[in-house]
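Below is one structure, written out as structure tokens, with a few remarks after it.
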Amino acid sequence: MGTQLRPFLDAIEINHGPKMEIGRYFLQLAESARRLGISWHMGRDFDRLVEVNRRHQDTWEPLSPIYDPELSDINRDNVIYIEGQASGEPVVTLILRRYDWPTSTLQAEWESGRFAYRDPETQMDPNEKWVAEAPMASEINGRVVFAGGLWCHPSLRRKRLPILTVAMMRSISLAAWNPDFAIGMIEAGPLARTLLPLYGNPPVQPGMKILGAWRTFECLLSWETPDVLTNHVLKNLAAPNQPDQRYRADENILRAGAPR
């Protein structure tokens, strides 16, 4: 499995936020996933994301340059990779990448190409253009966690798994990095209307575009602050010794078995 992906509860380190509550919340998420036949694993091995993407090109678009260490500044210090497994096989992935912009903004980093490329002037295609028209892009700065690389195997695309994965994203971002902003990009279109309720209807703005690159598409920018991340944990944390009924087992998921 490349460099080690450790079982989630062994790998997580809580450096920020309300530690006792976040610790209980991680246990809750792990148990909820177990009822769906899924175990969480985590590591700093972004090469694993590339490997899983390559194996599932029939159900997953090629990854952006953001995740290519030959092109970007992605490294073991600024990423956390999360993988959900069923019967030892990957069924859901997520990668968190931390950016530090004390004197810059998402708009500046996106439109310059630095969001993805180490040296945009030499690495970007001459016809490639990144456009940040979402008004909030000019306000997002400081320590920023970008959640991407989200994929779920078609046999397990049920409501509860995306909800669990987004909950994992929020709590890990808070616990590991306590960012000024946690952001995501949701491709504009009909699927966004389905995904946004599963993501808890975060605030979104249109206008994040990539033109003439490996793909051409427009995204909705979503963002959350540390207070929102913390409130999400506290709001969704089940009382001690009380089972969390929202993520109870889905028999259709359990019957699906491991993907081939």
Projected area of region 142-239, taken from the Cα convex hull and averaged over every viewing direction, in nm²?
-> 7.5 nm²
Kirkwood Rh in Å, taken over all unlike Cα pairs in region 59-113 | 13.5 Å
Search the structure for amide H atoms under 5 Å from the amide H of F115, placed 1.01 Å from N in the peptide plane, and list their residues when 5 or more places away or on another chain.
-> W110
What order do R54, R97, R215, R24 take when sorted by accessible area (1.4 Å probe), most exposed first?
-> R54, R24, R215, R97
Non-local residues with an amide H under 5 Å from the amide H of D73, with H modelled 1.01 Å from N and Pro and chain starts lacking one, are R118
With a 1.4 angstrom probe the carbon and sulfur portion of accessible area for region 90-164, in percent, totals 46 percent
For region 98-114, Karplus couplings with θ = phi - 60° (6.51, -1.76, 1.60), whole Hz, Gly/Pro x | 9, 10, 10, 10, x, 10, 10, 9, 4, 4, 5, 5, 5, 6, 7, x, 5
Under the Kirkwood approximation applied to all pairs of distinct alpha-carbon atoms, what is the hydrodynamic radius of region 50-185 in Å?
-> 16.0 Å
Amide H neighbours of A134 under 5 Å, at least 5 residues apart or on other chains, H built in the peptide plane: list them.
-> M208
Mean separation of Cα contacts under 8 Å (6+ apart) over length of region 64-132, as relative contact order % | 31 percent
Per residue, how much accessible area does region 54-162 show when a 1.4 Å probe rolls over the protein heavy atoms, in square angstrom?
-> 46 Å²
R170 neighbourhood, Cβ < 14 Å, K/R = +1, D/E = -1, net charge -2
Once the Cα atoms of region 101-143 are picked out, what are the Rg and Dmax in Å?
-> 10.7, 30
Net charge near F146: determine it from the other residues with C-beta under 9 Å of the C-beta of F146, scoring Lys and Arg +1 and Asp and Glu -1.
-> +2
Could you go through region 56-69 in sequence order and give the Karplus-derived ³J(HN,Hα) for each residue, using 6.51 cos²θ - 1.76 cosθ + 1.60 with θ = phi - 60°, rounded to whole Hz, and x for Gly and Pro?
-> 10, 5, 6, 10, 8, 5, x, 5, 7, x, 3, 9, 9, x
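The values are calculated or read from the model by the stated rules, or taken from the named source; none is laboratory data. This is a predicted model, so every value here is computed, not measured. Backbone-built Cβ (ideal geometry, glycine too); neighbour counts: all protein chains shown. Note: accessible area is taken over every heavy atom of the protein model, side chains too, but ligands, DNA and RNA are not part of it. Shrake-Rupley method; radii C 1.70, N 1.55, O 1.52, S 1.80 Å.
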